[in-house]
Amino acid sequence: MRLKRKCSALIALLLILAGCVLRFAMPGHDFLGYTLWGIAVLVFLFPRVHRVGRTVLGVLVCAGLIVFTVFEIPVVHDARTDTDAHPDTIVVRGAGVNGSTPSLSMCNRLDAALTYLNANPAATVIVSGGQGPGEDITEAKAMADYLTAHGIDSARIVQEDRSRTTRENLENSFAILRARGGDPAHGAAIVTSEYHLYRAKRMARSLGADPAGIAAETTLPSMRINYFIREAVAAAYMLPGYWLGKISKTAIKERMYGFLRRVPDVDTELEAFWAKNFDRVNAWYLAQQRPDDIIISASPEFLVRIPAQKLGVRLLASRVDKHTGMTDGENCHGAEKVRRLHETYPDVEIAEFYSDSRSDSPLAELAEHAYLVHGQERTPW
């Protein structure tokens, strides 16, 4: 046992030292360094805790890996070029300038832009990035110089040189595109590193755009691993942000519904789903159904419209674009259901209310009789 502890301490020390090298001596490897530090802590602790402690550590590690995998999957899935899109304008995000020389990440993005511009001679490019610490010129100027040096006519290049964040990159670039008569909702593509496409496209959708993605390959494998880890952590940050009230339920739902962009024919899928599942509507409800019933749901309106129509009842639900997953207004959840109900039917009175979730308490409090549903069972609220 003593030998195991000594070995674990030595391995943990080596991992800490390797993490320090990655974090402090190799730019672009900080999250790899953090990962090694975390592994070092586990290696050091594991032989020093009793059996229950090891079980707890094992469960926590497994849970962490599951959460990481859930958030990493969409990042990896979106890390590719949308080959079926050929927009007239592409937006290249800056990635740091060393004095006046583009960084490796910026060169990777510019090379991806060059490939597209050479294949689409009529396309224009907006290079986006302001001037940060240690930069002698703006990122936009550095990118424009790089592109012209590689044969792109300067008339095809528009510089956006005020932004400092991804959101500002997109906001300012989309404003330029609109001023030039373009449409960010359908006529643009974002050029950025493959690992960053998922987050950049999500942010663009929150600004009312729906751009295609052009993935710039990160040439250094260790940096690619580092940034893929970082993007999954950034995506997972939304959960504690939601729990702490810093991120809305609507934003969480929009992230969930992002998969809709990859469904070729939503209507056909919905028809097939309800053809198979409509008969699961509870028989006790069908026996007492009334013509003035209302379904109020946090689910997307397009998802529950078919059963509402088949039942012949009214429907209030979240207004979600079935092609993009973006929500028009707030998610129809909790108190928002009450607000939506009173807005649509000002004089409504609820005689009976049924729900399978305690989050519907605001509606239950308005009803003469409210019931919590568990399968076929109904219990008073």
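Just wondering, is there one or more residues in segment 59-79 that are within 28 Å of Lys141 (Cβ to Cβ) and part of a helix (DSSP H, G or I)? No, there is no match, as no residue in segment 59-79 is within 28 Å of Lys141 (Cβ to Cβ) and part of a helix (DSSP H, G or I).
For every residue, the table says whether it meets (1) over 19 Å from Thr83 (Cα atoms); (2) at pLDDT below 75.
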position: His196; (1), (2): no, no
position: Met223; (1), (2): yes, no
position: Ala234; (1), (2): yes, no
position: Met238; (1), (2): yes, yes
position: Gly245; (1), (2): yes, yes
position: Tyr257; (1), (2): yes, no
position: Leu260; (1), (2): no, no
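Inspect all residues belonging to segment 324-345 and state whether any of them is touching a residue at least 60 places away in the same chain (Cβ under 8 Å), surrounded by 13 or more Cβ atoms within 10 Å (Cβ to Cβ) and in a strand (DSSP E or B). Scanning segment 324-345, I find at least one residue that is touching a residue at least 60 places away in the same chain (Cβ under 8 Å), surrounded by 13 or more Cβ atoms within 10 Å (Cβ to Cβ) and in a strand (DSSP E or B), so the answer is yes.
The requirement of being outside the structural domain of Tyr227 (by TED's automatic domain parsing) and either of a type in the set (Asp, Glu) or touching a helix residue (DSSP H, G or I) at 6+ places or on another chain (Cβ under 6 Å) (or both) is satisfied by Ile39.
Can you tell which of Val191, Val125, Val158 is at pLDDT 95 or above and either within 26 Å of Gly325 (Cα to Cα) or not assigned by TED's automatic domain parsing to the domain that holds Asn226 (or both)? Steps first, answer last, please.
Details: Val125 fails: either within 26 Å of Gly325 (Cα to Cα) or not assigned by TED's automatic domain parsing to the domain that holds Asn226 (or both); Val158 fails: either within 26 Å of Gly325 (Cα to Cα) or not assigned by TED's automatic domain parsing to the domain that holds Asn226 (or both).
Answer to the selection: Val191.
Give segment 24-62 a look and list any residue that's of a type in the set (Ser, Thr, Tyr) and over 27 Å from Thr218 (Cβ atoms), or say none. Within segment 24-62, just Thr55 meets the criteria.
The residue of segment 314-323 that is surrounded by the fewest Cβ atoms within 10 Å (Cβ to Cβ), among those that are among the aliphatic types (A, V, I, L, M) and over 20 Å from Arg205 (Cα atoms), is Leu315.
From the list Val125, Val97, Val59, the one residue that fits, being aliphatic (A, V, I, L, M) and out of contact with any strand residue (DSSP E or B) (no Cβ under 6 Å at 6 or more places or on another chain), is Val59. Going by the conditions given, is Glu72 closer than 24 Å to Pro27 by Cβ, in the same structural domain as Thr35 (by TED's automatic domain parsing) and surrounded by fewer than 22 Cβ atoms within 10 Å (Cβ to Cβ)? It is true that Glu72 is closer than 24 Å to Pro27 by Cβ, in the same structural domain as Thr35 (by TED's automatic domain parsing) and surrounded by fewer than 22 Cβ atoms within 10 Å (Cβ to Cβ). Of the residues examined, Gly19 is not one that is at positive phi, out of contact with any Cys (no Cβ under 9 Å at 6 or more places or on another chain), surrounded by 15 or more Cβ atoms within 10 Å (Cβ to Cβ) and without any contact (Cβ under 8 Å) to a residue 60 or more places away in the chain. Among all residues of segment 272-292, there is at least one that is touching a residue at least 24 places away in the same chain (Cβ under 8 Å), of a type outside the set (A, V, I, L, M) and surrounded by 15 or more Cβ atoms within 10 Å (Cβ to Cβ).
Scanning segment 262-309 for residues that are farther than 27 Å from Glu330 by Cα and among the basic types (Lys, Arg) gives Lys276, Arg280, Arg290.
Of the residues Phe353, Phe278, which single one is among the aromatic types (Phe, Trp, Tyr), in contact with a helix residue (DSSP H, G or I) (Cβ under 7 Å, 6 or more places away or on another chain) and under 22 Å from Lys249 (Cβ atoms)? Break it down into steps so the answer makes sense when it comes.
Details: Phe278 fails: under 22 Å from Lys249 (Cβ atoms).
Answer to the check: Phe353.
The values are calculated or read from the model by the stated rules, or taken from the named source; none is laboratory data. None of these values were measured; they are calculated from a predicted model. Every residue, glycine as well, gets a Cβ built from its backbone with ideal geometry; the counts of neighbours run over all protein chains shown.
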